[in-house]
Amino acid sequence: MAASQEVGQRLRDWIYDAIRDLVERGKLQPGQRLTETHLAARFGVSRTPVREALFQLAREGLLEPLERGYGFSEMPMQALLARLDVKALLDPVVVANVAESGTVAHISQIAILSDDARRVLLSDASSFAAASAVHGLQKTLGTACTNHVLARCFVAAEDDFLAARPLLLRSMKNRLMTSDYLDVFVKQLVSRDAMSAEAQTRAYIARLAESCGMQA
């Protein structure tokens, strides 16, 4: 039974990654419908791991349930701004915690992921690929937070923000702003400057909200 569950989980994770990859490469367009039957035939698997992968993607906001299947739709700007309000409350506190209490190993990993994210942000990669790179960094930041209650709230908000970040990073101005922020943010973590890291994160999110508000 345990072996069967492990195989099922690997299949679900593989299909989840495959669908995410389609989104990141722009192969799924707004309005396009996905069904369990079509995807199961495409990947040569049963409908169960497909259903689980689609459910997880819907939980994260990348897909939305439709009457028959799932759809990929772009998040409205007002919904993005509402999520930025939440991140303005959580992110600065988490960053300060990691600067103060995060392990050297975690901070080193965050530095590597930050360099990777900045490369993607400054390339011609899609906004979905850029969002995925920043998401990986943010999830590691949550893992490094030593306040576990705060970390759970942060990770839940980050998962919810995953669907909003492609819209955020469609603007080259916001991509450059994010790249500049990450460059300074890592230096502040390494130097354990919690106060500056917290203040800079709060200011960065405020600038993003202002930029997106102008677009709205």
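The values are calculated or read from the model by the stated rules, or taken from the named source; none is laboratory data. Quick caveat: nothing in here was measured; it's all calculated off a predicted structure. Cβ sites come from the backbone with ideal geometry, for glycine too, and all protein chains shown count toward neighbours. For the accessible areas, the whole protein counts, side chains as well, though only heavy atoms, and no ligand, DNA or RNA atoms are used. Shrake-Rupley method; radii C 1.70, N 1.55, O 1.52, S 1.80 Å.
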(request) Kindly check whether there is at least one residue in the range 131-144 that is modelled with pLDDT of 95 or more and over 15 Å from the mean Cα position of the chain (by Cα). (result) yes
(request) Only residues that are farther than 18 Å from Gln109 by Cα, in a helix (DSSP H, G or I) and open to solvent by 50 Å² or more (accessible area, probe 1.4 Å): list them for the range 177-216, please. (result) Asp180, Met195, Glu198, Ala199, Arg202, Ala206, Arg207, Glu210, Met214, Gln215
(request) Being over 30 Å from Ala206 (Cβ atoms) and touching a residue at least 12 places away in the same chain (Cβ under 8 Å) narrows it down to one of Leu22, Leu90, Leu84, Leu11, so name that one. (result) Leu11
(request) Scan the range 140-150 for residues that are over 20 Å from Ala82 (Cα atoms) and open to solvent by 10 Å² or more (accessible area, probe 1.4 Å) and report the count. (result) 6
(request) Go through (1) at pLDDT below 95; (2) under 16 Å from Ala82 (Cα atoms) one by one and return the number of the condition Phe154 breaks. (result) (1)
(request) Being open to solvent by 30 Å² or more (accessible area, probe 1.4 Å) and in a helix (DSSP H, G or I) is the filter here, so list the residues in the range 151-176 that pass it. (result) Arg152, Cys153, Val155, Ala156, Asp159, Asp160, Met172, Lys173, Leu176
(request) Can you tell me which residue within the range 56-111, out of those that are open to solvent by less than 50 Å² (accessible area, probe 1.4 Å) and among the charged types (D, E, K, R), is nearest to the chain's Cα centre (by Cα)? (result) Glu60
